[in-house]
1. Suppose we keep only residues that are at pLDDT below 95 and surrounded by 17 or more Cβ atoms within 10 Å (Cβ to Cβ) within the range 72-82. Which one would you say is nearest to Ile24 (Cα to Cα)?
2. Given the conditions (1) at pLDDT 90 or above; (2) on the phi < 0 side of the Ramachandran plot, which single one is not true for Val104?
3. If you go through the range 4-16, how many residues are open to solvent by less than 10 Å² (accessible area, probe 1.4 Å) and either over 16 Å from Val73 (Cβ atoms) or over 10 Å from the mean Cα position of the chain (by Cα) (or both)?
4. Taking the range 30-61, which residues are open to solvent by less than 70 Å² (accessible area, probe 1.4 Å), in contact with a Lys or Arg (Cβ under 8 Å, 6 or more places away or on another chain) and at pLDDT 95 or above?
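The values are calculated or read from the model by the stated rules, or taken from the named source; none is laboratory data. These numbers come from a predicted model, not from an experiment. Positions of Cβ are generated from backbone atoms using ideal geometry, with glycine treated the same way; all protein chains shown enter the neighbour counts. Just the protein is used for accessible areas: all its heavy atoms, side chains included, with ligands, DNA and RNA removed. Shrake-Rupley method; radii C 1.70, N 1.55, O 1.52, S 1.80 Å.
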Amino acid sequence: MKVAVPTAQGQVDSHFGHCAYFTIFEFDAENKIVSKSELPSPQGCGCKSGIAPILAEKGVSVMLAGNMGDGAVNVLANNNIKVIRGCSGSVDAVAESFIKGELVDNQIICKHECHH
């Protein structure tokens, strides 16, 4: 399983659409992290950036995010990526909490609009 986290300086970026990069964790069948990599964030706001199909192509099935708008949630869902919002702190700690089953989507939608 692969999980992506919008990241800035090793922390969950609270604004998905403007993160510096995505940290991608790969877990094995025993829920151990077998790899961790970084994917630079493309230009543009989250839901309009084209990141969802890129992440899906890399095998990502879960996005652990801080805040995210409806558009981004829908685009990720259309690419078979489940979203869990309300994450914060170190990306490593968040990934560990996820695999232990400790994270639940807070279902809070960010109302911030993209501005170019």
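1. Leu76
2. Going through the list (1) at pLDDT 90 or above; (2) on the phi < 0 side of the Ramachandran plot, Val104 breaks only (1).
3. So the count comes out to 1.
4. Listed by number, the residues that qualify are Gly59, Val60, Ser61.
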